[in-house]
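For reference, the structure discussed in these notes is given below.
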Amino acid sequence: GAVVSQHPSRVICKSGTSVKIECRSLDFQATTMFWYRQFPKQSLMLMATSNEGSKATYEQGVEKDKFLINHASLTLSTLTVTSAHPEDSSFYICSASRDRINTEAFFGQGTRLTVV
Amino acid sequence: AQSVSQHNHHVILSEAASLELGCNYSYGGTVNLFWYVQYPGQHLQLLLKYFSGDPLVKGIKGFEAEFIKSKFSFNLRKPSVQWSDTAEYFCAVTYGGSQGNLIFGKGTKLSVKP
């Protein structure tokens, strides 16, 4: 089956620092990767869609300069939370798709970010 | 706005009890419907999906869901739950075909007592 690995699973960082989260498709080539954010007791909200080799498409209200997404290869996408603040503390989940259809995507296990 | 509602935040059942988790979506034309499950410490997995055809959809692990268009609902059912079904369950919808963005409900946590 298709496996998507997210790293780290949990990270604590100081306010003002940057944090990088990796999303890897282990056994398939992911043309498209999706980044979601989940607040406690809330639903997953799509933040951005990244296609290999091109700029990410951000959803309305998501600051692209704060949440930098790089999809440099067909198996790796990274999300960097820059100048993190406590309100950025959340659960971040990626999914990866062989094509551009996110309903056929496979999910990573998520990253719990805590900014102190 | 397009949205998905899951009625219960936390459901607690004993083993062998029957399960039904509610999911309603807002009107928006053609929809594709999904149920995902997330076991503790694991990633989201697809349980089942409905695109068209028979509105009663069977998924993995004995789960099924029924699409009732008139009620904008896609409830998840299982006749007899097991302790291993303890997990969080998410209903999700795409509007306008499979290339639409997944819109998730807030999730329902299911705890099954042995």
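The values are calculated or read from the model by the stated rules, or taken from the named source; none is laboratory data. Not measured: the values here are computed from a predicted model. Note: ideal-geometry Cβ built from the backbone for every residue, glycine included; neighbour counts use all protein chains shown. Quick note on the areas: whole protein, heavy atoms, side chains included, nothing else; ligands and nucleic acids left out. Shrake-Rupley method; radii C 1.70, N 1.55, O 1.52, S 1.80 Å.
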> If you average over every viewing direction, what projected area does the convex hull of the Cα atoms of segment A:3-57 give, in nm²?
Replying inline: 5.1
>> How far apart, in nanometres, would the label points at B:Phe51 and B:Glu20 be if each is projected 7 angstrom from Cα along the Cα-to-Cβ direction?
In response: 2.9
> Averaged per residue, what accessible area in Å² does the protein assembly as shown show with a 1.4 Å probe, protein chains only?
Replying inline: 48
> For the protein assembly as shown, what ratio Rg/Rh do Cα atoms give with a Kirkwood hydrodynamic radius?
Replying inline: 0.97
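How big, on average over all directions, is the shadow cast by the Cα convex hull of segment A:24-93, in nm²?
5.0
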> Applying 1/(1 + (r/R0)^6) with R0 = 25 Å to the Cβ-Cβ distance of B:Ser3 and B:Lys69, what FRET efficiency is obtained, to the nearest 0.05?
Replying inline: 0.90
>> If I take R0 = 35 Å and measure r between the Cβ atoms of B:Trp83 and A:Ser5 in this structure, what FRET efficiency does the formula 1/(1 + (r/R0)^6) give, to the nearest 0.05?
In response: 0.80
> If you take the beta carbon distance between B:His10 and A:Ser54 as r and set R0 to 30 Å, what does 1/(1 + (r/R0)^6) give as a FRET efficiency, to the nearest 0.05?
Replying inline: 0.15
> Once chain B is represented by equal point scatterers at the alpha-carbon sites, with solvent omitted, what log10 I(q)/I(0) does the Debye formula produce at q = 0.11, 0.13, 0.17, 0.24 Å⁻¹?
Replying inline: -0.32, -0.44, -0.76, -1.44
> Given A:Thr32, A:Ser43, A:Val19, which one lies farthest toward the positive end of the charge dipole of segment A:16-65, if we put +1 on the Cβ of every Lys and Arg and -1 on the Cβ of every Asp and Glu?
Replying inline: A:Ser43
>> So if each residue of separation counts as 0.36 nm, and I subtract the Cα-Cα distance between A:Ile12 and A:Glu63, what length gain in nm does that give?
In response: 16.2 nm
> Where in segment A:1-67 are there GluC sites (Glu not before Pro) that are in a DSSP coil and have at most 16 other Cβ atoms within 10 angstrom of their Cβ?
Replying inline: A:Glu52, A:Glu59, A:Glu63
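In whole percent, what relative contact order does chain B give with Cα contacts below 8 Å and a gap of six or more residues?
On the way: 288 pairs, mean separation 42.8, N = 114.
That works out to 38 percent.
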>> Pairwise over distinct Cα atoms, reciprocal of the mean inverse distance: report the Kirkwood radius of segment A:60-116 in Å, one decimal place.
In response: 12.8
>> Pairs of alpha-carbon atoms within less than 8 angstrom and 6+ residues apart define the contacts here; what relative contact order does segment A:1-94 have, in percent?
In response: 34
>> Rolling a 1.4 angstrom probe over the protein chains, ignoring ligands and nucleic acids, what is the accessible area of A:Ser54 in square angstrom, nearest 10?
In response: 60
